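Enquirer: Sharing a structure below in structure tokens format, with a few things to ask.
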Amino acid sequence: MDYAKESLKMHYDLKGKIEVVSRAKVDSKDALSLAYTPGVAQPCLEIQKDVEKSYELTRRHNLCLVVTDGSAVLGLGDIGPEAGMPVMEGKCVLFKAFGDVDAFPLCIKSHDVDEIVNTIYLISGSFAGVNLEDISSPKCYDIEDKLKEICDIPVFHDDQHGTAIACLSAVLGALRFVKKDIATAKFVVNGCGAAGSAIGRLLVNMGAQNVIMVDRFGALYEGIDAKLDRIQSYLATVTNKEHKQGTLADVAKGADVMIGASAPNVFTKEIMQSMADKAIVFALANPVPETSYDAAKEAGVAVAGTGRSDRPNQVNNVTVFPGVFRGAIDVRARAITEDMKVAAVYAIADLIDEKDLREDYVVPDAFDPRVAPAVAAAVAKVAIEKGLARKIVDPEVVRANTAKRIGR
């Protein structure tokens with residue numbers, strides 16, 4: 001299928017992939033009086049007395065904001081907020097289909113951090129969570145961190161954390177298959193933008209002791225003479241303990257795992273063949289990865305994966321954000337934390353039994369019906385254990401309800 005041609009036709013035909021559907025009938029005078037004035041005054045007064053009732057008396061309890069400034073849309077760059085709307089609508093479709101989360105797109109006509117933060121904060125009382133999307137780095141870090149400080153609902157930048165969680169769940173499966181350990185394996189992450197940096201941080205948080213980050217300036221190390229953003233500066237202090245220098249080709253020698261969140265076709269045959277025995281390669285550049293699945297296998301890589309749905313071991317954020325938000329909003333979590341992210345990684349990875357692992361099956365498929373319920377339950381469990389839940393729900397009930405909601 002010519003996806004570009006057919007997608008454009010579909011968008012012209014549909015004129016938008018989402019719509020507002022009324023849950024209340026307005027087919028009589030009494031029905032009108034219940035849904036609107038005068039009856040509607042009573043729930044307003046209840047919420048005035050206790051703002052938490054907004055979760056019980058309005059759709060807020062299931063509503064997530066999907067927001068962008070259009071500065072880093074897919075691989076297209078800064079194409080503007082209006083041009084980002086098809087992607088935001090698409091994300092809303094995925095929220096509903098894979099997590100039964102109602103999501104609303106918001107495209108902000110500003111690149112100013114404080115304007116964006118203030119805009120989101122001022123309307124945050126209408127939502128149970130905020131999903132940041134397609135915002136360029138390093139601006140995305142500041143927006144997320146500032147919102148976390150002032151909002152009492154979960155804020156999650158999917159390009160960072162969704163990618164990292166999806167990637168690490170695949171990495172864990174691959175490590176189990178080749179019988180290597182995350183603590184002792186040598187990792188190389190190519191790309192220090194939003195996704196790559198998040199992958200590096202999550203690797204460290206999950207116990208990886210030997211991680212080297214690589215960008216255009218070469219290997220990242222503490223004291224490097226390069227202009228770094230604050231996240232890269234942090235990574236320089238917690239990775240590459242031996243201060244190795246050089247290009248990707250230099251530091252990839254002997255690596256057990258190489259992850260790309262960078263540019264097309266930069267993982268050459270020579271680089272992959274220089275890696276350790278039973279090497280693992282995940283090439284996540286989109287739409288053209290750092291190497292194709294077939295090229296990686298031809299180079300002798302034991303386990304390979306990309307972001308493409310037409311090849312095995314797809315690393316796909318859709319396995320992450322619907323379940324993460326489902327679990328978080330079901331217990332009315334105040335935030336999404338590092339512990340929740342790690343729990344989501346293991347929830348996805350553990351769905352594949354040891355005996356079922358294969359070189360072409362180390363991570364569950366995006367349509368695996370177990371994924372969203374497992375992630376939702378894991379996130380809800382951590383939120384409750386860490387005192388971040390305003391509503392206590394048994395995680396297994398969250399799992400069962402999620403499965404029922406999405407009909408899987």
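The values are calculated or read from the model by the stated rules, or taken from the named source; none is laboratory data. Being a predicted model, the structure only gives us computed values, none of them experimental. Heads up, the Cβs are rebuilt from the backbone with ideal geometry, glycines too, and the neighbour counts pull from every protein chain shown. These area figures cover heavy atoms from the full protein model, side chains too; ligands, DNA and RNA do not enter into them. Shrake-Rupley method; radii C 1.70, N 1.55, O 1.52, S 1.80 Å.
Enquirer: Quick check on region 201-224. Is at least one of its residues open to solvent by 20 Å² or more (accessible area, probe 1.4 Å) and within 30 Å of T119 (Cα to Cα)?
Expert: Yes: one or more hits.
Enquirer: In addition: Is it the case, given these coordinates, that A97 is of a type in the set (A, V, I, L, M), in contact with a Phe, Trp or Tyr (Cβ under 8 Å, 6 or more places away or on another chain) and open to solvent by less than 50 Å² (accessible area, probe 1.4 Å)? Talk me through it step by step, then tell me what you get.
Expert: Values: of a type in the set (A, V, I, L, M): yes; in contact with a Phe, Trp or Tyr (Cβ under 8 Å, 6 or more places away or on another chain): no; open to solvent by less than 50 Å² (accessible area, probe 1.4 Å): yes.
For A97, the condition - of a type in the set (A, V, I, L, M), in contact with a Phe, Trp or Tyr (Cβ under 8 Å, 6 or more places away or on another chain) and open to solvent by less than 50 Å² (accessible area, probe 1.4 Å) - is not met.
Enquirer: Can you tell me which residue within region 230-245, out of those that are in contact with a helix residue (DSSP H, G or I) (Cβ under 7 Å, 6 or more places away or on another chain) and either without any contact (Cβ under 8 Å) to a residue 40 or more places away in the chain or assigned to a loop (DSSP other than H, G, I, E, B) (or both), is least open to solvent (accessible area, probe 1.4 Å)?
Expert: This residue is T239.
Enquirer: If you don't mind, another one. When you check V51 against the structure, is it under 21 Å from V320 (Cα atoms) and either open to solvent by 10 Å² or more (accessible area, probe 1.4 Å) or not polar (S, T, N, Q) (or both), yes or no?
Expert: Numbers: under 21 Å from V320 (Cα atoms): no; either open to solvent by 10 Å² or more (accessible area, probe 1.4 Å) or not polar (S, T, N, Q) (or both): yes.
No, not satisfied.
Enquirer: Give me the pairs, please: first residue somewhere in region 53-68 and under 17 Å from A97 (Cα atoms) and modelled with pLDDT of 95 or more, second residue anywhere and part of a helix (DSSP H, G or I) and among the polar types (S, T, N, Q), beta-carbon distance under 8 Å, and either six or more positions apart or on two chains.
Expert: Qualifying pairs under 8 Å: L63/S126; L65/S124; L65/S126.
Enquirer: Mind counting the residues in region 376-408 that are touching a strand residue (DSSP E or B) at 6+ places or on another chain (Cβ under 8 Å) and in a helix (DSSP H, G or I)?
Expert: 3
Enquirer: Let me ask something additional. Name the helices (runs of 4 or more DSSP H) wholly inside region 261-375 in which the number of residues that are in contact (Cβ under 8 Å) with a residue 24 or more places away in the chain and surrounded by fewer than 19 Cβ atoms within 10 Å (Cβ to Cβ) is 2 or more.
Expert: Working: elements: 269-273, 293-298, 321-330, 338-349.
Here the list reads 269-273, 338-349.
Enquirer: OK, next. Taking helices (runs of 4 or more DSSP H) that do not extend beyond region 31-149, which have at least 1 residues that are closer than 20 Å to G193 by Cα and among the small types (G, A, S)? Lay out the reasoning, then the answer.
Expert: Values: elements: 41-49, 54-57, 81-99, 113-123.
Answer list for region 31-149: 81-99.
Enquirer: For region 175-197, does any single residue satisfy the condition of being assigned to a helix (DSSP H, G or I), out of contact with any Ser or Thr (no Cβ under 8 Å at 6 or more places or on another chain) and without any contact (Cβ under 8 Å) to a residue 12 or more places away in the chain? Write out each step before concluding.
Expert: Our first condition is that a residue be assigned to a helix (DSSP H, G or I); within region 175-197, this holds for 175-178, 194-197.
After this cut, where a residue has to be out of contact with any Ser or Thr (no Cβ under 8 Å at 6 or more places or on another chain) as well, the list is 175-178.
Adding the requirement that they be without any contact (Cβ under 8 Å) to a residue 12 or more places away in the chain leaves none.
So far as region 175-197 goes, no, none of its residues is assigned to a helix (DSSP H, G or I), out of contact with any Ser or Thr (no Cβ under 8 Å at 6 or more places or on another chain) and without any contact (Cβ under 8 Å) to a residue 12 or more places away in the chain.
Enquirer: Does region 388-405 hold any residues that are within 22 Å of the chain's Cα centre (by Cα), β-branched (V, I, T) and surrounded by fewer than 20 Cβ atoms within 10 Å (Cβ to Cβ), and which are they?
Expert: Across region 388-405, there are no qualifying residues.
Enquirer: Next up: Being in a helix (DSSP H, G or I), in contact (Cβ under 8 Å) with a residue 60 or more places away in the chain, open to solvent by 10 Å² or more (accessible area, probe 1.4 Å) and of a type outside the set (S, T, Y) is the requirement here; does L172 meet it?
Expert: On the way: in a helix (DSSP H, G or I): yes; in contact (Cβ under 8 Å) with a residue 60 or more places away in the chain: yes; open to solvent by 10 Å² or more (accessible area, probe 1.4 Å): yes; of a type outside the set (S, T, Y): yes.
Taking the combined requirement at face value, the residue satisfies it.
Enquirer: Within region 102-114, does at least one residue satisfy the condition of being free of Cβ contacts under 8 Å to residues at least 24 places away in the same chain, farther than 30 Å from M275 by Cβ and of a type in the set (S, T, N, Q)?
Expert: no
Enquirer: Take the conditions surrounded by 15 or more Cβ atoms within 10 Å (Cβ to Cβ), of a type outside the set (G, A, S) and in contact with a Gly (Cβ under 9 Å, 6 or more places away or on another chain) and apply them to I120. Does it pass?
Expert: Numbers: surrounded by 15 or more Cβ atoms within 10 Å (Cβ to Cβ): yes; of a type outside the set (G, A, S): yes; in contact with a Gly (Cβ under 9 Å, 6 or more places away or on another chain): no.
So I120 fails the test.
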